[in-house]
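The values are calculated or read from the model by the stated rules, or taken from the named source; none is laboratory data. Only a predicted model underlies this, so the values are computations on that prediction, with no experimental measurement involved. Cβ atoms come from the backbone with ideal geometry, glycine included; neighbour counts cover every protein chain shown.
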Amino acid sequence: MLAILFAATSAVCAETPAQLLDANARAVMAGGTRTGTAVLSFTYAGQGMSGTTDTKFDLATGRFVDSYRIGPTRGSNGFDGRQAWQQDLSGGYLPESGGDRRELAVNEAYRDANLWWRTDRGGARIEAVGCGVIRVTPPGGKTFDAWFDPVSHQLARVREAQGFATIDTRFADYVLHAGRMVASTVTVDTDGNAGNRQTMQLTGAAIGPVRPAVAFAMPTVRPADWTLPGGRVTVPMRLLNNHIYVDVRIDGHGPLPFLIDTGGHDIVTPQTLAKLGLSQQGSATAAGAGEKTTSSGYTRVASIDVGGAVVRDQTVLALDFSPADVEGFAVGGMLGVEFINRFIVRIDYGRHEVTLIDPARFTAVERRGAGIAVPFEFYDHMPQVRGRFGDRPARFNIDTGSRSEVTMTAPAVAAGGLRTLYPAGVTVTDGWGVGGPSRSYVVRARTLSLGSVVVARPVAGLSDAQHGAFADPNYEGNIGSGLLKRFVVTFDYGRRTMYLAPNATPDPDIGRFDRTGLWLNLDDDGMKVMDVAAGGPAAAAGIKVGDIVTSLGGVAVAGQQLSEVRRSLKLAPVGVPLEVVYRRDGSMTETKLVPRDLIPD
């Protein structure tokens with residue numbers, strides 16, 4: 001979020017926040033006006049790309065629109081005083097009310113309008129946290145810290161938590177424009193990573209007449225870059241590792257297996273880039289469910305074709321989000337918010353079908369027949385549903401790209417004392433995302449509700465992550481396909497509604513958790529043990545991390561589908577010994593593993 005502020009010059013370090021802000025106000029207003037619309041333009045360099053950014057904001061209210069044209073990417077975000085919104089890479093618009101997105105928009109508007117200059121400080125709670133440093137909590141916003149130069153009183157830095165990241169924005173090299181001092185150099189660092197720094201240099205500044213609120217509102221235009229002959233298409237899907245895969249053609253090439261992920265973006269993998277001869281621009285840090293980060297860039301594709309539903313001329317991410325050893329095969333890419341936002345998307349986990357529908361043909365009658373309507377808000381690109389975890393209110397991100405039933409975030413686990421409430425569990429790897437493996441304390445929860453829909457006794461991971469998406473305090477739980485496959489699920493992004501209808505043919509592994517205490521990834525001639533639950537059946541059988549499993553139950557694993565092997569470990573009969581052959585340091589060993597329920601049934 002680009003927050004460009006006017007700042008000031010003065011002489012001494014203010015002793016109190018009030019003195020500091022009053023001095024800032026006097027210095028900034030060097031004959032300038034306090035009404036009108038400020039328009040600032042910058043050049044941009046960072047993340048291996050260059051381009052331009054612009055911001056316009058109302059000097060009295062802080063209503064704003066920020067836009068960018070960087071490398072192959074285009075986008076914007078804004079706030080009209082009521083609704084925060086963003087435009088994605090593909091030109092689609094999303095209203096933002098989930099997570100901390102509206103709070104962040106309120107913060108930006110507060111700073112843009114310099115509401116802290118007012119006698120009442122714009123209603124904010126303000127406290128000193130050092131000489132020239134204040135901590136600010138605007139009404140309806142969230143806490144941020146601001147540093148002012150102790151001599152000049154220019155705003156030097158803002159530190160703000162955004163999602164699960166900490167953003168430091170620095171302002172320097174002030175120049176006089178339209179009677180105000182404007183920062184001509186703005187730098188943005190994420191989580192202290194200077195290698196990922198973004199730098200903006202001022203190229204123009206002006207103050208124009210006051211614009212109406214509608215000038216800052218989310219555009220209502222929908223992208224017209226797609227076709228769906230007949231208004232509807234149904235394609236087969238494969239449910240592998242609780243991930244939804246459909247065949248996709250990129251620029252006429254394929255079919256390639258693409259994951260449908262309500263928690264993700266439109267992505268092609270490095271293998272697809274190479275296969276199709278596409279070029280990548282830029283290099284930025286990407287993070288997800290795991291605690292590590294990886295690198296991502298962008299590329300352009302002429303068409304994305306799913307069974308005749310075609311989206312044209314798209315900028316997509318280039319990212320290795322699921323390596324072949326993790327998923328069991330080479331993934332072609334991902335269909336995320338940009339693709340899903342154009343259609344009604346119905347996922348029938350029982351029939352193993354995905355249906356894409358023209359939103360204009362999704363009638364009221366069909367909506368009533370789609371199941372129970374569950375409203376959601378957008379948290380960035382993620383649908384976020386309000387519900388309950390047991391008797392506790394919770395915000396749940398709906399993430400078909402997660403294999404789990406539900407993962408409760410580390411802040412929610414700590415705040416709710418969930419480890420104490422659910423003492424019968426096991427700590428083990430239960431997921432693998434962009435940031436690598438994620439480990440949770442896995443338990444059997446009592447109930448979980450999504451809107452008015454109640455699910456009894458789901459398998460829940462209680463995360464203790466210190467980094468990544470599961471360290472985010474702006475939601476409480478992440479719902480994956482492990483839970484959603486109880487239903488036929490229909491997503492209507494335009495109406496911000498998810499429909500849930502009972503699945504007539506539920507999967508036998510619903511509500512089951514691995515009975516061996518193993519996490520296996522694919523290896524050249526077997527399956528590699530990546531994690532072993534302490535005190536679990538695998539540990540008792542002598543299996544260790546790094547071992548290469550070559551046979552399970554007398555059947556060689558070579559040639560077996562990784563997802564089916566993992567599934568079999570959920571369904572392995574309790575108490576019936578399972579023969580395991582594995583290789584360690586070049587030697588073959590045979591052992592017997594006795595499956596048991598690691599969490600209450």
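Screening the candidates Val235, Val214, Val248 for the property of being in a helix (DSSP H, G or I) and modelled with pLDDT of 95 or more yields one hit, Val214. Just one residue in the set Ala373, Ala412, Ala394 is within 30 Å of Ser296 (Cβ to Cβ), touching a helix residue (DSSP H, G or I) at 6+ places or on another chain (Cβ under 9 Å), touching a residue at least 12 places away in the same chain (Cβ under 8 Å) and part of a strand (DSSP E or B); that residue is Ala394. What do you reckon, is Leu89 of a type in the set (A, V, I, L, M, F, W, C) and part of a loop (DSSP other than H, G, I, E, B)? It is true that Leu89 is of a type in the set (A, V, I, L, M, F, W, C) and part of a loop (DSSP other than H, G, I, E, B).
The lone criterion from (1) under 26 Å from Arg495 (Cβ atoms); (2) within 22 Å of the chain's Cα centre (by Cα) left unmet by Thr73 is number (1).
Which residue is surrounded by the most Cβ atoms within 10 Å (Cβ to Cβ), if the candidates are limited to region 509-525 and must be in contact with a Lys or Arg (Cβ under 7 Å, 6 or more places away or on another chain) and at negative phi? Filtering region 509-525 for residues that are in contact with a Lys or Arg (Cβ under 7 Å, 6 or more places away or on another chain) and at negative phi, the one surrounded by the most Cβ atoms within 10 Å (Cβ to Cβ) comes out as Asp514. With respect to the conditions (1) part of a strand (DSSP E or B); (2) in contact with a helix residue (DSSP H, G or I) (Cβ under 7 Å, 6 or more places away or on another chain); (3) buried (at least 18 other Cβ atoms within 10 Å of the Cβ), Trp116 falls short on a single one, namely (1). Within region 346-368, residues that are modelled with pLDDT of 95 or more sit with their Cβ atoms under 6 Å from residues that are assigned to a helix (DSSP H, G or I), at 6+ positions apart or across chains, in these pairs: Asp358/Gly231; Arg361/Gly231.
If you scan region 546-591, which residues turn out to be surrounded by fewer than 12 Cβ atoms within 10 Å (Cβ to Cβ), touching an Asp or Glu at 6+ places or on another chain (Cβ under 9 Å) and either more than 15 Å from Asp514 (Cβ to Cβ) or at pLDDT below 95 (or both)? Selection gives Gly554, Glu590. Return the only residue of Thr61, Thr33, Thr37 being within 18 Å of Leu202 (Cα to Cα) and surrounded by fewer than 21 Cβ atoms within 10 Å (Cβ to Cβ). Selected residue: Thr37, the only one of Thr61, Thr33, Thr37 that is within 18 Å of Leu202 (Cα to Cα) and surrounded by fewer than 21 Cβ atoms within 10 Å (Cβ to Cβ).
Scanning region 573-584 for residues that are closer than 15 Å to Asp525 by Cβ and without any contact (Cβ under 8 Å) to a residue 40 or more places away in the chain yields a single hit, Val581. Can you name every residue in region 546-572 that is without any contact (Cβ under 8 Å) to a residue 60 or more places away in the chain and closer than 27 Å to Ala445 by Cβ? Selection gives Glu564, Val565, Arg567, Ser568, Leu569, Ala572. There is at least one residue in region 459-466 that is over 19 Å from Gly264 (Cβ atoms), in contact (Cβ under 8 Å) with a residue 24 or more places away in the chain and more than 20 Å from the chain's Cα centre (by Cα). Only strands (runs of 3 or more DSSP E) whose full extent lies in region 150-193 are considered here, and the ones with at least 2 residues that are out of contact with any Pro (no Cβ under 7 Å at 6 or more places or on another chain) and within 16 Å of Gly468 (Cα to Cα) are 155-162, 165-177. Check whether at least one residue in region 345-365 is buried (at least 22 other Cβ atoms within 10 Å of the Cβ), touching a helix residue (DSSP H, G or I) at 6+ places or on another chain (Cβ under 6 Å) and not hydrophobic (A, V, I, L, M, F, W, C), and report yes or no. No, region 345-365 contains no residue that is buried (at least 22 other Cβ atoms within 10 Å of the Cβ), touching a helix residue (DSSP H, G or I) at 6+ places or on another chain (Cβ under 6 Å) and not hydrophobic (A, V, I, L, M, F, W, C).
Here Asp325 clears all of (1) part of a strand (DSSP E or B); (2) touching a Lys or Arg at 6+ places or on another chain (Cβ under 9 Å) except the condition numbered (1).
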